[in-house]
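Note sheet for the following structure.
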Amino acid sequence: MAVTVTRWRLQITGTVQGVGFRPFVYRVATALGLRGCVWNSPAGVVIEAEGPAGALAELRQRLESDAPPLARLAAIDVVELPPAGLGPFCIAGSQGGAERAALVPPDAALCPECRAEVLAPEDRRYGYPFTNCTHCGPRFTIVRALPYDRPQTTMAAFPLCPDCTREYHDPRDRRFHAQPVACPRCGPRAWFIGAGGTCTGEWAPAFAGAIQAGQVVAVRGLGGFHLTCAAHDPEAVARLRQRKRRPDKPLAVMARDLAAVRRYCHLSAAEEALLASPAAPVVVLQRRADAPLPAELAPGARTLGVMLPYTPLHLLLLAAAGTDLLVMTSGNRSGLPLARDNEDAMAELADVADAFLLHDREIANRCDDSVLRVVDGAPLFYRRSRGYVPVPIPVPAPAPGHHPTALGAGGEMKNAFCLVTGGQAFLSQHIGEMDVREGQAFFREALARLSRFLEVTPEVIGYDPHPGYQVSRLALGLPGTHCPVQHHHAHLAAVLAEHGVVEPAVGIILDGTGYGDDGTLWGGEILAGDLRTCRRVAHLGYLPLPGGERAIRQPWRTAVSALALAYAPDEAERLAEALFPGRPARAVLGMVRERLNSPPACGAGRWLDAAAALLGLCLDSTYEGHAATALAEAATGLAPAAPYPWRQEGKTLDLLPAVRALVADRLNGVPAPAAAARFQLTVATATATAAAGAAAAAGCQRVALGGGVFQNPDLLVQVRSLLQSRGLQVLIPRQVPPGDGGLALGQAVVALWRLTPTR
Amino acid sequence: MHQVNPPRLRDTHVLLGHGSGGKMSAELIQSVFLPAFHNPLLSNLNDQAVLPLAGARLAFTTDSFVVSPRFFPGGDIGHLAVNGTVNDLAMGGAQPLYLSASFILEEGLPVGELQRVVDSMAAAARTAGVQIVTGDTKVVERGSADGLFITTAGVGLVPAGLDLGTHRIAPGDVVIVSGTMGDHGVAILTLRSGMDFSVHLQSDTACLSGLAAAVLAAGGDGVKAMRDPTRGGLAATLNEFAQAAGTSILLDEAAVPVRPEVRGVCELLGLDPFNVANEGKLVAVVAPEAAPAVLAAMREHPLGHNAAAVARVLAEEPGMVYVRTQVGGTRPLEYPSGEQLPRIC
């Protein structure tokens, strides 16, 4: 008659803290009539359960099948123990410990239940901007230390009121152990500071008044500040652009809901799913041709970066302003990290914002919005930050057993660093530009914080050997074994690592400029390599960059440089003056001729710059990738029958024949979009052809695509299909950005593999 | 003295960059010359050595001149050869007295050209109040030298009680420049490049001993150190100060005087005017209380009308130089290192 009682200890690792996992376990275990306990440990969640073996098996199965939406289980380890007569099932407080696989969860967008409460006049959280529950709310951005419990977050400053206390302790409540739980009575509050000083009443009407008056408002949000203004007000948008010194770069917008998004943009199922996901990133969408939007939002662009309100505050902002669309661009001065504290923001943004919407929930970890685009049917990262950080990416280990912790220091621009420990890569949030002290301070702070979360100290450090990189200087100043990793090898390794590929592969790595093994600037690379080594098989031809970085900011200079190489001197001068009237084209030709501050570079981005300028699409670049984006936008939707001519001589893929053909087309009145599309196809064809040859020579079947140029959807699809048509397997970066935002992962993995003996 | 990593020479052969006055020059000196010649006077790495001799203090310096073209608006190689050495003495607070001059001449050099250079040297020496008292001449085969190289050495007396040098630089001190930055280097570049810039720039080559004396008279003991920012420009000088003193320096970009035409050429060529050479400018580090008097004295001097306080010495992050940019943000101002490779990806 007596049922045999068994006791199991289940150890669950992965993202299982701060996602409602323990209440979920409690509900399942009590429903199954089990006795025992569940608690958070630094290693994850531990369950001790006692009962019939069948019920225990059922529990284990439901942990996987019914886990809360935000949970990500890495592993469930089961140990059977002798029965101990455990008491009724309970949730115990968190325990400390040494092992550290437990993860800080990423921030999660407002869930439907909380959204409904915020909008329900009878609810006690009606109109409350900091509403959250175990299914949504701030996580990474408020955590100071692990385990993830309220006293370790910036919510520690807000003692719970009796109502919130009850919800927090009630296992049947959606807010059971929701660490940031709050209500208007006990939680953070928001206030508005306008021209007339701090607004004493409700913030919402004051905010609405400012937006409707065309003002720029700095809004403290989840991971930092946004600058917002009415998206339909061209003058307000122009003002924001001028003050932020951002003349052309597209501005992200926040749309009230999916219906609003559809009003302005085309939306595929994949794009909709991405927008509405818990990460709630900015998604780059195709704008409707007839969308009633001011051109100032994204001058010359056919796309628009859109996100949905991801906190109740954002929902309320849109409701208050009575609009379906607000500009939401990051609240920083150009090139500097996000402002974090109220005081910092008010000082830094004083000449940018007319008003401030502040709150008193401190930001522990700054985190910019993530940006993705659905490319070739699946999401591709442009920037991986809020909502994804610090979710780890599994990467191959060089040998079984314990490995040192590896740090990848990342690139100089759009920096993110990466810690690899225990076969997991933790890519940091977007840090930004490292050539300013403020960026370096943010790097140090974020590295210290993530190291502490993981309880690791980097032992091997992969860095970019570019002699001018401040980030590499910083990395060399950190204790550990330093390992230089060539820029494009790091890009290749990042793609291989996220796909778990340890065998050699060919890489097509296309970006703007990266320091090459020979001291020149690379970036049009066909490589063959693995996670340890790499060799250059072929590359695009070299173009001098007259004025160095100046040429990158002024693509017309690179165009003049291409003319100098493609034509006889007299002809080059005639064309340069005809195509770039009013520019010091002759002086730039002189610089190329005299090799005066004109370092040679072979980056695909530079060739695309030259083409964009030769076609009159972009002469001056005011943001990274501006000219390449203009070229890609012009070429969108066109399917040229054939590329321009090009040729391979030795390792060099010579695009000068294509330049001559493009210039001839321009002079013959061929529309710029058609020529742009053909030039882009030439880059795709030349690199894919060379890569296919390299793959055949090396006897490998895989070709990895990397580098920021692959943010261009058409180019990526062209290269991918050209390679597939030759029977090759194509690896596309899907977990980290193809550009320098993903560089650190490759650096860390290569450093780890190089410094670990072969198995 | 703050020195994180002793530099080691990675190159197996001498490269042009080793003479740039920037990072590579510093590496060459640290790895080849200093270990061989090691002595306390040399390791100060000041522009001049100060030698205690028979109760007096003798400042002693030497410099070689290989500029091309030899004649340029505002001066010539002879003028530079005298003023360069005189200025190195003056920056140590010395009264320049006697110079030597050695010539390496390439076979075939027109004597008339040599005569112009030598006349120019004589005139410069008269202006500076120094005498050229010894010399040497060598002629090398055609092709072994570019026309004419000059080496000068000089001695001067340092007034009793004067203590100038990077060891006196302290947090809180103010950095003052005597005028516009980059004039000489840009003037030479516009001539040398074979390009028509349609701007007329003059080298600023000048004797700085009068200006230096005025600075010392106005600032007294509050004057800590002086340099003339020649090769490597202001960036190299500030980096030398910061590293030798174990302090950091925060430069205010907007405060540094730069001629619009110099800015224009730098903009075109993609150069930073802070990395470009000057031949008649003085950079002084002074105690904050002495700064107003020094600034006023400079502005009254014919060579210092555009003087400005441009930077402050700070304690944190020893050895670093930062520039607060006009667009916002504080970026490191590096030791110039040959060609600047783009970092934008």
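The values are calculated or read from the model by the stated rules, or taken from the named source; none is laboratory data. The structure displayed is predicted, hence computed values, not measured ones. No Cβ is skipped: glycine too gets one built from the backbone with ideal geometry, and neighbour counts run over all protein chains shown. The protein model used for the area step is the full one, side chains on, heavy atoms only, and it has no ligands, DNA or RNA in it. Shrake-Rupley method; radii C 1.70, N 1.55, O 1.52, S 1.80 Å.
Around the amide H of A:Val537, modelled in the peptide plane, lie the amide H atoms of A:Ile526, A:Leu527, A:Ala528, all under 5 Å away and 5 or more residues distant in sequence or on another chain.
Averaging Cα coordinates gives a centre for the range B:202-251 and one for the range A:240-315; these two points are 53 Å apart. Per-residue ellipticity at 222 nm from helix content only, as computed over chain B with -39500 (n - 2.57) for each DSSP H run of at least four residues, stands at -8500 deg cm²/dmol. Calculated mean residue ellipticity at 222 nm for chain A: -10000 deg cm²/dmol, from DSSP H runs with n ≥ 4 weighted as -39500 (n - 2.57), summed, divided by the residue count and rounded to 500. According to the calculation over all Cα-Cα pairs in the protein assembly as shown, the P(r) per 10 Å bin from zero is 2, 9, 16, 20, 19, 15, 10, 5, 2, 1, 0, 0, 0 %.
As a rough guide to protection, the peptides A:624-631, B:113-120, A:311-318 ranked by mean Cβ packing within 10 Å, highest first, stand as A:624-631, A:311-318, B:113-120.
Packing here is the average count of other Cβ atoms within 10 Å per residue, and on that basis the peptides A:49-62, B:36-49, highest first, run A:49-62, B:36-49. Antiparallel beta bridges, as assigned by DSSP with both residues in the protein assembly as shown, represent about 75 percent of the total such bridges. From the alpha carbon centroid of the range A:195-236 to that of the range A:602-643 is 36 Å. Summarising the amide proton neighbourhood of A:Leu380: residues at separation of 5 or more, or on other chains, whose placed amide H is nearer than 5 Å comprise A:Arg373, A:Val374, A:Val375.
Kindly identify residues of the range A:414-457 having a loss of at least 40 Å² in accessible area between the isolated chain and the assembly of all protein chains, probe radius 1.4 Å. Output list: A:Asp435, A:Arg437.
Computed with a 1.4 Å probe on the full set of protein chains, the accessible area for A:Glu122 sits at about 150 Å². Dipole size of the protein assembly as shown about its Cα centre, with +1 on Lys/Arg Cβ and -1 on Asp/Glu Cβ: approximately 2060 debye, rounded to the nearest 20.
Each residue of the range A:121-131 was assigned a 3J(HN,Hα) from its phi angle through the Karplus expression (A = 6.51, B = -1.76, C = 1.60, θ = phi - 60°), giving x, 7, 7, 6, 9, 4, x, 8, x, 10, 4 Hz with x at Gly and Pro. Could you tell me whether the range A:207-319 comes out rounded, prolate or oblate from its Cα gyration tensor? Rule is a ≥ b ≥ c as square roots of the eigenvalues, rounded for a/c under 1.5, then prolate if a/b exceeds b/c, otherwise oblate. In terms of gyration-tensor shape, oblate. Applying 0.36 nm per residue to the separation of A:Lys651 and A:Ala238 and subtracting their alpha-carbon distance, the gain on full extension is 144.0 nm.
Label sites at A:Arg726 and B:Arg126, each approximated as a point 7 angstrom past Cα along Cα to Cβ, lie 7.6 nm apart. Averaged over peptide B:265-274, the number of partner chain Cβ atoms lying within 10 Å of each residue's Cβ comes to 5.
Highest mean packing comes first when the peptides B:73-79, A:74-80, A:710-716 are listed by Cβ atoms within 10 Å, giving A:710-716, B:73-79, A:74-80.
Once neighbouring chains are kept in place and the probe is 1.4 Å, which whole percent of the accessible area of chain A is contributed by carbon and sulfur? Exposed carbon and sulfur together represent 53 percent of the surface. Modelled label positions at A:Thr520 and B:Ala217, each set 7 Å beyond Cα in the direction of Cβ, lie 5.8 nm from each other.
The residues of the protein assembly as shown expose, per residue, 37 Å² of accessible area to a 1.4 Å probe. Interface residues of the range A:569-617, defined as those with an accessible-area decrease of at least 50 Å² between the chain by itself and the complete set of protein chains (probe 1.4 Å), are A:Leu596, A:Asn597.
Estimated from the Cβ-Cβ distance and a Förster radius of 56 angstrom, the FRET efficiency linking B:Asp146 and A:Ala399 is about 0.45. The HN-Hα couplings worked out from phi for the range A:371-380 by the Karplus form 6.51 cos²θ - 1.76 cosθ + 1.60 (θ = phi - 60°) are 10, 9, 9, 7, 10, 6, x, 9, x, 10 Hz, whole numbers, x standing for Gly and Pro. Buried accessible surface for the B/A pair, both sides summed and rounded to the nearest 100, is 3200 Å² with a 1.4 Å probe. Taking amide H positions as modeled 1.01 Å from N, with prolines and chain starts lacking one, no residue 5 or more places away or on another chain lies under 5 Å from A:Asp435. The shape of the range A:444-504 comes out oblate: with a ≥ b ≥ c from the C-alpha gyration tensor, a/c is at least 1.5 while a/b does not beat b/c.
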